[in-house]
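A quick write-up on the structure given underneath.
FYI, it's all coordinate maths here, none of it is from the lab. All values reported here derive from a predicted model rather than from experimental measurement. Heads up, the Cβs are rebuilt from the backbone with ideal geometry, glycines too, and the neighbour counts pull from every protein chain shown.
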Amino acid sequence: MIAPNCSLFPIRIGCLGPRETLALAVLLFVFQIPAWSAISLVGSTVQTSTSVPGGTFEGVIKIRNTETNETSVRLYVSDYKTGTNGSSLFAAPGTYERSNGKWYGVDVQQVEIPAQQVREVRYRGTVPQDATLAGSYWSLVFAEEQAPVLPVVTNSLIKTPQAAIRTVVRFATIVLNDIGPSSEPVLKVVERRLVQTNDVRALSMLLENRGNRMVVPLPSLEVLDAEGASVRKVELNPARIFPGSAVRLNFDLAGVLAGRYSGIIVLDTGDPASLLATKCPIELLQ
């Protein structure tokens, strides 16, 4: 079990973790399936602009056609955030509180990409003239492959249309505006629990960003025995957490024997002068 009084506290260690980018791919199942996607994004899938109220910003999204035939790609803007249960939520531009989806637009809504070629799509925008704007504002630009629609085949014996399944793949670029001076990260552990089944032992933690700026912590867990000796260390990939959003971190405890331990979770937020950490007792059963 995990004590309910775990809290985050700053520690000064001068250590900077890597800042990796995470691609976002969403599969929507409609009709007829290709074996793989014909498109991919080139370069970073997160584009950040340091902005001021009334200022302009722009960027380029590069899309590669990996196939031997020309393909068509649709582009559109969508709001995005994650729920406290780990779900991904999408909405029309301007729906969510920290959306910048109405601040900019892409220069084309559909582009034809020849075989084995890369096409650039530019977006341009203006930050509203609002002195109260501060922190991170973001949305997504989706690049969605337009798979050809095949004719419906009718079964000649039973006179009914036959349907197949296809996979339409869309990739997203995060367009983010950071406004105003940097602020201290405000991360809150809203849930902690120990998962113990026949096949899995893990420490699960739901981490919420209650600040106004996106944070990309590098999480790690060190498990210490009663004498303070380290029995296991787990490092996770960087976790991108938008303001008002939460992510679940799962630390694998495989190989740790039954008993009572202290768990030290360190969150490297990218600030070379400060880390965040939480300490929790862990009791593993037989």
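Stretch THR50-GLN196 to full length: gain in nm at 0.36 nm per residue minus the Cα-Cα span?
Details: separation 146, 0.36 × 146 = 52.56 nm, distance 4.42 nm.
That works out to 48.1 nm of additional length.
Just to confirm a number: summing +1 for Lys and Arg and -1 for Asp and Glu over residues other than TYR137 whose beta-carbon lies under 14 angstrom from that of TYR137, what do you get?
Working: positive: LYS81, ARG98, LYS102, ARG213; negative: ASP79, GLU97, ASP130, ASP178.
Every neighbour counted, the sum reads 0.
Stretched out fully, how many nm does the piece from LYS188 to ALA226 gain, at 0.36 nm a residue minus the Cα gap?
On the way: separation 38, 0.36 × 38 = 13.68 nm, distance 2.69 nm.
Fully extending the segment from LYS188 to ALA226 adds 11.0 nm.
Within 10 Å of each candidate Cβ there may be at most 15 other Cβ atoms; applying that plus a DSSP loop requirement, which GluC sites (Glu not before Pro) in the stretch 39-87 survive?
Answer by residue number: GLU70.
Within the set of other residues whose C-beta is less than 13 Å from the C-beta of SER204, count the net charge using Lys and Arg as +1 and Asp and Glu as -1. Show your work: numbers first, answer last.
Details: positive: ARG192, ARG193, ARG201, ARG248; negative: GLU191, ASP252.
Net charge around SER204: +2.
What is the order of LYS233, LYS102, LYS81, fewest Cβ neighbours within 10 Å to most? Display every interim value, and only then the final one.
Working: LYS233 12, LYS102 15, LYS81 21.
Ranking LYS233, LYS102, LYS81 by Cβ neighbours within 10 Å, fewest first, gives LYS233, LYS102, LYS81.
Return ASP225, ASP79 ranked ascending by Cβ neighbour count within 10 Å, so the fewest neighbours appear first. Before the final figure, lay out the partial values.
On the way: ASP225 15, ASP79 21.
The order, fewest Cβ neighbours first, is ASP225, ASP79.
Give me the net charge for the shell around ASP225: Cβ to Cβ below 14 angstrom, other residues only, Lys and Arg +1, Asp and Glu -1. Don't skip to the end; give the middle numbers.
On the way: positive: ARG232, LYS233, ARG260; negative: GLU222, GLU227, GLU283.
So the environment of ASP225 carries a net charge of 0.
Which FRET efficiency, nearest 0.05, do ARG74 and ASP252 yield, Cβ-Cβ r, R0 35 Å? Provide the component values of the computation, followed by the final result.
On the way: r = 39 Å, r/R0 = 1.12.
So the FRET efficiency works out to roughly 0.35.
Hey, with R₀ at 25 Å, roughly what FRET efficiency would SER262 and GLU235 work out to, going by the Cβ-Cβ distance, to 0.05? Intermediate results must be reported in sequence, preceding the final value.
Working: r = 18 Å, r/R0 = 0.71.
FRET efficiency, SER262 to GLU235: 0.90.
Where in the stretch 183-271 are there GluC sites (Glu not before Pro) that are in a DSSP coil and have at most 16 other Cβ atoms within 10 angstrom of their Cβ? Write down the numbers at each step before the final one.
Values: sites: GLU191, GLU208, GLU222, GLU227, GLU235; in loops: GLU227.
Taking the stretch 183-271 and a limit of 16 other Cβ atoms within 10 Å, the loop GluC sites (Glu not before Pro) found are GLU227.
Which lysines does LYS102 reach when only Cα atoms under 21 Å apart count, and residues fewer than 8 places away in its own chain are ignored?
Leaving aside lysines fewer than 8 places away in the same chain, those within reach of LYS102 are LYS81.
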